[in-house]
Each structure stands twice: as structure tokens, then as C-alpha cells.
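Colleague: What follows is a structure written as C-alpha cells; I'll ask about it next.
What follows is calculated from the coordinates using simple rules that are stated; it is not laboratory data. The shown structure was predicted, so the numbers you read here are calculated from the model rather than taken from an experiment. All Cβ positions, glycine included, derive from the backbone under ideal geometry; neighbour counts span all protein chains shown.
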Amino acid sequence: MTEETRGEVYDLGYQPYDGPREGRTRSLKALWVNSVRSTLGIGRGALAWIIPGLLIGFTILPAVGIVAANVIAEPFAEALPGHPEYYQGVFLVLFVFSAIAAPQVLCPDRRDGVIALYLVRPITATDYIVARWAALFTVMLLVVLAGQTLLFSGLILAAGDPVEYVRENWTDVVRFVASGIVISLLLTTIPLLISSFSTRRVIAALMIVGSFFLTTAFAAALSECEATREGRCEPVTREYARWFALTGLEQTPTYVNDQIFGITDDDPRLNALGDFHPAVPGAWFGFLMVSSGALLWRRYQRIGL
Amino acid sequence: MRSYMLAGVAVLIETESLTKRYGSLTALDAVDIRVEEGITGLLGPNGAGKSTAIKLFLGLLKPSNGTIDVMGSGPSERVTARARLGYMPEHDCLPSMVSATEFLTHMAQVSGLPPTEAKVRAADVLRHVSLDEERYRAIGGYSTGMKQRVKLAQALVHDPVLVLLDEPTAGLDPAGREEMLDLVKRTGREFGISILLSSHLMGEVEETCGRIIVLEDGRVTQADAVSQFTRETDEVVIDVTGHQEAIVAAMRDRHVEASIDATSVVVKLKDEDEYDVIRDVVAEAGAGLRRMTARRGELRDIFRGPQG
């Protein structure tokens with residue numbers, strides 16, 4: 001005969017919390033994790049991650065193609081695009097990714113009013129925007145570097161002597177990481193600033209897309225070159241072309257990328273930038289990032305309950 | 001918590017000559033407020049300065065003048081002090097796409113709790129606000145009453161010492177309002193969390209709070225225990241079957257202050273001998289005496305003024 005066991009459930013009532021409190025570090029980490037998850041659609045069902053997933057797939061697809069081409073058509077490997085050209089090839093996809101991700105990081109908090117609950121927690125408005133910025137920058141950097149890393153790994157495996165390949169090409173890693181940081185800074189700061197002007201994700205995404213296309217078209221139109229009678233290519237705005245070229249949001253990071261990899265480009269707009277001392281486009285890019293970041297910070301200092 | 005004790009009661013918020021000006025508009029004008037442990041009502045009409053006071057307590061606004069002490073923290077420590085403060089806003093402030101348990105866990109972490117403890121606290125608090133069965137559903141599908149309970153839960157999830165509730169029953173039907181006020185009372189009395197309840201509804205403040213601070217036009221006009229506002233007055237209310245005018249006239253002839261309030265006669269007593277005068281006057285008027293009772297103060301008298 002088995003003895004019947006009986007259990008009783010007691011409601012202990014409200015229990016005060018006397019566990020650890022980890023302060024601002026935990027707060028910032030929670031905000032960072034929350035932004036990374038929402039950007040990548042983690043924990044939000046298939047629809048939320050399918051678009052980011054597809055876009056990330058598109059950024060690494062060229063790497064797979066280049067590695068495959070290196071294996072299949074080895075004699076023509078020199079003619080294939082490599083690390084220096086990679087970012088320019090996938091820039092549009094990276095930019096679309098940022099136009100979707102940045103509004104996801106900032107807009108819902110203001111649209112739903114959740115921002116009011118964050119600002120009464122033990123964090124400041126500066127903590128909030130820094131954590132959100134850092135999260136998007138992390139995601140952008142990972143996405144930006146994914147294709148280049150895959151390409152480098154694939155080329156090592158495809159090489160006859162992998163060790164020799166690494167010894168000869170390890171500087172490419174430093175270069176594509178440095179260039180990736182520049183592109184990630186741009187694709188984080190400007191889209192977040194634009195997103196801070198709207199509470200609707202779609203509107204913000206359209207504004208981001210619009211700003212990139214408008215500035216690129218503006219810079220292209222005013223720094224485009226025309227053939228002279230002597231057959232040279234002369235910018236339509238003559239000596240002012242280089243200044244107009246600076247206004248294109250895509251031009252400067254592309255130029256910086258080319259500088260990092262030490263390549264010259266036939267693109268007349270980049271040639272126009274080449275009329276500057278190399279420090280000028282870099283300084284302009286730095287100014288653009290700092291001023292955009294400062295404006296973003298300023299906007300969040302003014303947000304009340 | 002570094003609140004100090006005054007006559008055996010912990011003082012959680014104390015202001016001195018607190019003033020807040022927006023340009024030429026003075027929202028708060030040199031107010032001295034003291035919020036003690038327990039449930040305190042911040043009562044006042046719209047535009048009285050209640051929301052401004054709450055934002056100042058939370059450190060979201062800087063005072064134009066005066067000082068604020070919140071649980072012993074000065075202006076430089078106000079952000080850190082928010083780890084032990086809770087706030088439930090009046091307006092919508094919930095994400096629609098996430099579940100209540102996920103949202104509360106996240107908010108607990110933003111308040112500084114480690115992930116595992118935050119998850120346990122979120123489940124506990126949702127059970128206390130009777131949302132344990134719906135906690136995995138997206139908040140966007142909740143009723144207004146459920147959303148109000150999530151708003152309260154997020155204010156409690158990090159186990160604050162003091163919670164500031166801004167119009168917690170706004171938008172609720174009578175049943176939802178009763179449920180919310182019960183929860184507020186339980187929070188204050190059973191959970192041991194002090195509450196500052198901002199409202200323009202006298203009924204809910206009277207029903208819920210132990211103390212009241214009355215704000216009007218940016219100034220504190222009254223601050224005391226609810227029992228002090230509702231204690232017996234020196235007036236007697238007499239319900240009679242008729243002849244009210246004759247009774248009032250006869251009272252005045254005998255130098256007793258009396259008036260008619262709706263169908264009752266109200267007599268202001270100077271001494272207990274006047275009860276005999278009342279008896280005689282009613283008998284002489286030939287009226288039937290239905291009820292005679294001492295009049296209790298009401299919160300609405302606060303806004304009617306002394307001449308009521």
C-alpha cells in the first residue's frame with residue numbers, strides 16, 4: 001500500500017526584493033541588449049527577423065560568389081573584386097538595412113510613450129541615447145564586417161597555401177575593419193538622427209532613404225564631369241566640384257575606404273574629392289559624425305514626459 | 001533609502017519654498033510639501049501644478065527656486081534615487097508588440113536588477129496585479145483595465161520605496177476603477193510601498209489615502225490626514241417633516257445660527273444647551289423630527305471654502 005502524499009500551496013503574499021541591484025551598468029546593458037534583439041527581430045516571430053535576415057544574407061552573398069569564382073576560375077582571380085571593392089558593392093544593401101534598423105531602435109519608444117518610463121528609471125536621457133546608439137553601431141559593424149570576414153576566410157581556404165595567404169594579406173583585415181568602422185559610424189549616426197524626427201518607423205525609413213538618395217544625386221549632378229574638346233574630363237562646376245562632392249553621404253566613406261586600401265578610382269566624384277588634401281574628407285566625415293551625434297543627443301535632452 | 005524619521009514617521013519627500021516657473025507662468029509657487037510613508041493624495045484641479053510637482057520629484061525638471069529632498073537624495077543623486085522610485089503615468093506608455101512578462105523583465109533590468117531576479121520579480125508582480133494568466137500575451141491585445149494594471153506593475157517591479165501614481169483610474173469604467181483602487185490600497189497597506197497618488201477626483205483620494213495635500217493654482221492650500229477633513233463639525237443637520245422656514249426663523253429669534261440646506265435644517269452650535277432649543281423649536285413648529293446628526297466634514301468642502 002502506497003502512502004498518499006499531499007501538498008499544499010501557500011500564497012506568501014508580496015515579498016520585498018532584497019537581492020542585488022547592479023545600478024547604471026545593468027540599466028545600460030539592458031537597453032543595449034533590448035535594441036540589438038529588436039534590430040535583428042530576435043524573439044519577435046518570423047516576420048520580424050525575415051527582412052533583416054534576408055538583407056544580411058544579401059551582404060554576404062557576394063563573398064560566397066567571389067570565393068566560388070576564385071575556386072572555379074583561378075586564372076582570372078586577379079580580375080575579381082576583393083576586399084577594397086566589397087563595401088562599394090554592398091553599400092546599397094547595408095544602407096537599406098540601416099534604414100530599417102535605425103527607426104526600429106528609436107521610433108517605437110516615442111510612439112508608444114515607453115520613453116516616459118525609461119526616463120524615470122535610474123538613467124539619464126544621455127544614457128538612453130548612448131545605449132541605443134551603441135547597440136545599433138554594434139549590429140551595423142557586425143553586418144558590415146560579416147561579408148568581408150567570410151570573404152577573407154573563404155580566400156584562405158581556397159588558397160593553395162593558406163598560411164602563406166594569411167602572411168601576405170593580413171593587412172587586408174586591418175583595412176576592412178577600419179573601413180567597416182567608418183561605414184558603420186555613418187550608417188548608425190545619420191539614420192538615428194533622422195529617426196529622431198519621426199515617431200513612425202515607415203516615415204523615418206523613407207526619410208533616411210530620401211536623404212541618402214537626394215544627397216548622392218545632388219553631389220553627383222554638381223560634380224559630374226563632361227568631356228572637353230581635348231578629351232579630358234572636366235567637372236561641370238569646375239573648381240567647386242570637390243566641395244559639392246563632399247555633400248554626398250555615400251561619397252565620403254567610399255573615398256575614405258579607397259584611401260585606407262590605397263586604391264585610385266575612376267569615379268569623377270571621387271576624383272573631385274581627390275583634389276583635397278586627404279585629411280579634408282576625413283575631417284569633414286568626423287565633423288559630420290560629431291555634429292549629427294550632438295544634434296541627436298540634444299534632441300533627447302528635450303524629451304519630457 | 002535615507003529618508004529621515006519625523007515623530008516616528010518616515011519622510012520620503014520634503015520640499016522647501018519649491019518654485020517652478022515656465023517663462024511668465026508660475027506652475028508652483030514656493031510650496032512646502034512633505035510626503036510621509038503611507039498613501040498620500042495629491043489633490044487639485046487640472047492645472048493646479050500636480051504634474052509639475054511629480055516631474056520635479058522625479059528629477060525630470062529643475063526647480064526655479066527652493067529645494068527638494070527625495071528619500072534623502074539631493075539634486076546630484078536624483079538619478080540614482082530613481083532605483084527606489086516607481087512612476088505610473090496617466091498617458092499610454094506601453095509597447096503593443098511585446099508580452100507583459102517580457103516588458104516587465106526588461107524594465108526591472110533597466111532599474112538595475114540582474115536578469116534572473118528580474119524575471120522572477122516580473123512573474124511575482126504580474127501575479128499580484130492579477131495578470132498571471134495573460135502575461136505571455138502581447139500587451140496590444142489587453143483591455144484598458146489590464147493595461148492600467150501593467151502600468152502599475154512596471155512601477156512596482158523593482159520594489160520601490162515610493163510610487164508616484166498619476167491619475168491611475170483615468171479611462172476606467174466603475175468596476176475597473178474599483179479594482180485599481182483596491183490594488184492601490186493593497187500596494188500601500190499590504191506590500192508596504194508608500195504611494196503618492198495624484199488625482200483630481202476627491203472620491204478616490206478620500207477612499208484610498210491616509211493623507212492629502214491640496215494644490216490650487218500652484219500653491220498648497222491644505223495638507224493633513226483625511227480623518228481631519230472628515231471629522232465631525234460643530235454643525236447639526238436636522239431632517240424634519242416640514243416647516244423648515246419656520247424652524248429657521250424661530251432659531252434666529254433665539255439667537256441660534258441656522259440655515260436650510262436642501263430639505264434639511266443646519267444649525268451651528270455654540271454650546272450643548274442649544275440642543276434643548278432645537279427640541280423646543282421643532283416641537284413648537286409642529287414638525288416631525290426624522291433625524292438629528294452631527295455634520296461631518298467632506299473633502300469637497302476644501303474647494304467650497306469656509307463659506308461653503
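Colleague: Express in whole angstrom the spacing between the alpha-carbon centres of region A:125-145 and region B:89-150.
Modeller: 25 Å
Colleague: Also: Report the one residue of A:Y10, B:A83, A:L157 whose Cα lies farthest in the direction of the positive end of the charge dipole of the protein assembly as shown (charges on C-beta: Lys and Arg +1, Asp and Glu -1; origin at the Cα centre).
Modeller: Checking the options against the dipole of the protein assembly as shown, the answer is A:L157.
Colleague: Another question about this same structure. Along each principal axis of its Cα atoms, how long is region B:122-169 end to end? Whole angstroms, biggest number first, please.
Modeller: Principal extents (largest minus smallest coordinate, Cα): 29, 23, 14 Å.
Colleague: Using a cut-off of 13 Å between alpha-carbon atoms, which aspartates and glutamates can reach B:K151, once sequence neighbours fewer than 8 places away in the same chain are excluded?
Modeller: Answer for B:K151, where 13 Å is the Cα cut-off: A:D112, B:E90, B:D92, B:D166, B:E167, listed by chain and number.
Colleague: Right, next: Let's see if you can work this out: charge +1 on each Lys and Arg Cβ, -1 on each Asp and Glu Cβ, no other charges. What is the dipole magnitude of the protein assembly as shown about its Cα centre, in debye to the nearest 20? Let's see the in-between values first.
Modeller: On the way: 59 positive and 74 negative charges, 199 e Å.
That gives the protein assembly as shown a dipole magnitude of about 960 debye.
Colleague: Two decimals is fine: what's Rg over Rh for region B:232-304, C-alpha atoms, Kirkwood radius as Rh? Intermediate values should be presented prior to the final figure.
Modeller: Working: Rg = 12.0 Å, Rh = 12.4 Å.
A ratio of 0.97.
Colleague: To the nearest 0.05, how large is the calculated FRET efficiency for A:Q88 and B:H200 if R₀ is 60 Å and r is the Cβ-Cβ distance? Provide the component values of the computation, followed by the final result.
Modeller: Details: r = 61 Å, r/R0 = 1.02.
The value I calculate is 0.45.
Colleague: Going toward the positive end of the dipole of chain B, with +1 on Lys and Arg Cβ and -1 on Asp and Glu Cβ, which of B:V277, B:A287, B:C93 do you reach last?
Modeller: Projecting each Cα onto the dipole axis, the largest value belongs to B:C93.
Colleague: Would you mind getting me the FRET efficiency between A:L214 and B:E178? Use the beta-carbon distance for r and R0 = 51 Å, nearest 0.05. Kindly include the intermediate steps, with their values, before the conclusion.
Modeller: Numbers: r = 56 Å, r/R0 = 1.11.
It comes out at approximately 0.35.
Colleague: So what's the gap between the Cα centers of region B:227-282 and region B:172-223, to the nearest angstrom?
Modeller: Between the Cα centre of region B:227-282 and that of region B:172-223, the gap is 34 Å.
Colleague: Between A:L157 and B:E190, what is the spin-label point distance in nm, taking each point 7 Å from the Cα along the Cα→C-beta axis?
Modeller: 6.0 nm
Colleague: Expressed as a fraction of 2.2 N^0.38 Å, the rule-of-thumb size for a compact globular protein of N residues, what is the C-alpha radius of gyration of region B:99-199?
Modeller: Relative to the 2.2 N^0.38 Å estimate, region B:99-199 comes out at 1.01.
Colleague: Which percent, to the nearest 5, of DSSP beta bridges fully inside region B:4-229 are antiparallel? Please list the in-between numbers first.
Modeller: Details: 23 of 41 bridges.
Roughly 55 percent of the beta bridges in region B:4-229 run antiparallel, per DSSP.
Colleague: For region A:24-301, what mean projected area does the convex hull of the alpha carbons give, in nm²? It would help to have the intermediate numbers written out before the result.
Modeller: Numbers: hull surface 69.8 nm².
Mean projected area for region A:24-301: 17.4 nm², to one decimal.
Colleague: What is the magnitude of the charge dipole of chain B about its Cα centre, with +1 placed on the Cβ of each Lys and Arg, -1 on the Cβ of each Asp and Glu, and no other charges, expressed in debye to the nearest 20? Let's see the in-between values first.
Modeller: Values: 36 positive and 47 negative charges, 275 e Å.
So the dipole magnitude of chain B works out to roughly 1320 debye.
Colleague: How large are Rg and Dmax for the protein assembly as shown when only the alpha carbon atoms are used, in Å?
Modeller: Reported Rg and Dmax, both Å: 34.7, 127.
Colleague: For region A:24-301, what does the relative contact order come out to in percent, with C-alpha contacts under 8 Å and a separation of six or more?
Modeller: RCO, region A:24-301: 21 percent.
Colleague: Right, here's the next one. How big is the Cα convex hull of region B:158-212 in projection, averaged over all directions, in nm²?
Modeller: Details: hull surface 15.1 nm².
Over every viewing direction, the Cα hull of region B:158-212 projects on average to 3.8 nm².
Colleague: Looking only at Cα atoms, what is the convex hull volume of region A:1-132 per residue, in Å³? Walk me through the numbers on the way to the answer.
Modeller: Values: hull volume 37.0 nm³, N = 132.
Roughly 280 Å³ of hull volume per residue.
Colleague: Subtracting the Cα-Cα distance from 0.36 nm times the residue separation, let me have the gained length for B:D253 to B:S143 in nm, one decimal. Write out the running numbers ahead of the final one.
Modeller: Details: separation 110, 0.36 × 110 = 39.60 nm, distance 6.16 nm.
Length difference between fully extended and current span is 33.4 nm.
Colleague: How large is log10 I(q)/I(0) at q = 0.08 Å⁻¹ when the Debye formula is applied to the Cα atoms of region B:4-229, each weighted equally and without solvent?
Modeller: Relative scattering, expressed as log10 I(q)/I(0), comes to -0.28.
Colleague: Expressed in nm to one decimal, what extension gain is obtained for the pair B:E284 and B:N65 from 0.36 nm per residue of sequence separation less their Cα-Cα distance?
Modeller: 72.6 nm
Colleague: Convert each backbone phi in region A:57-62 into a coupling constant with the Karplus relation 6.51 cos²θ - 1.76 cosθ + 1.60 (shift: θ = phi - 60°), then list the ³J(HN,Hα) values in order as whole Hz, x for Gly and Pro.
Modeller: Values per residue, Gly and Pro as x: x, 5, 6, 9, 4, x Hz.
Colleague: So how long is each side of region B:157-308 along the principal axes, counting just the alpha-carbon atoms, biggest first, in Å?
Modeller: Cα extents, longest axis first: 67, 33, 26 Å.
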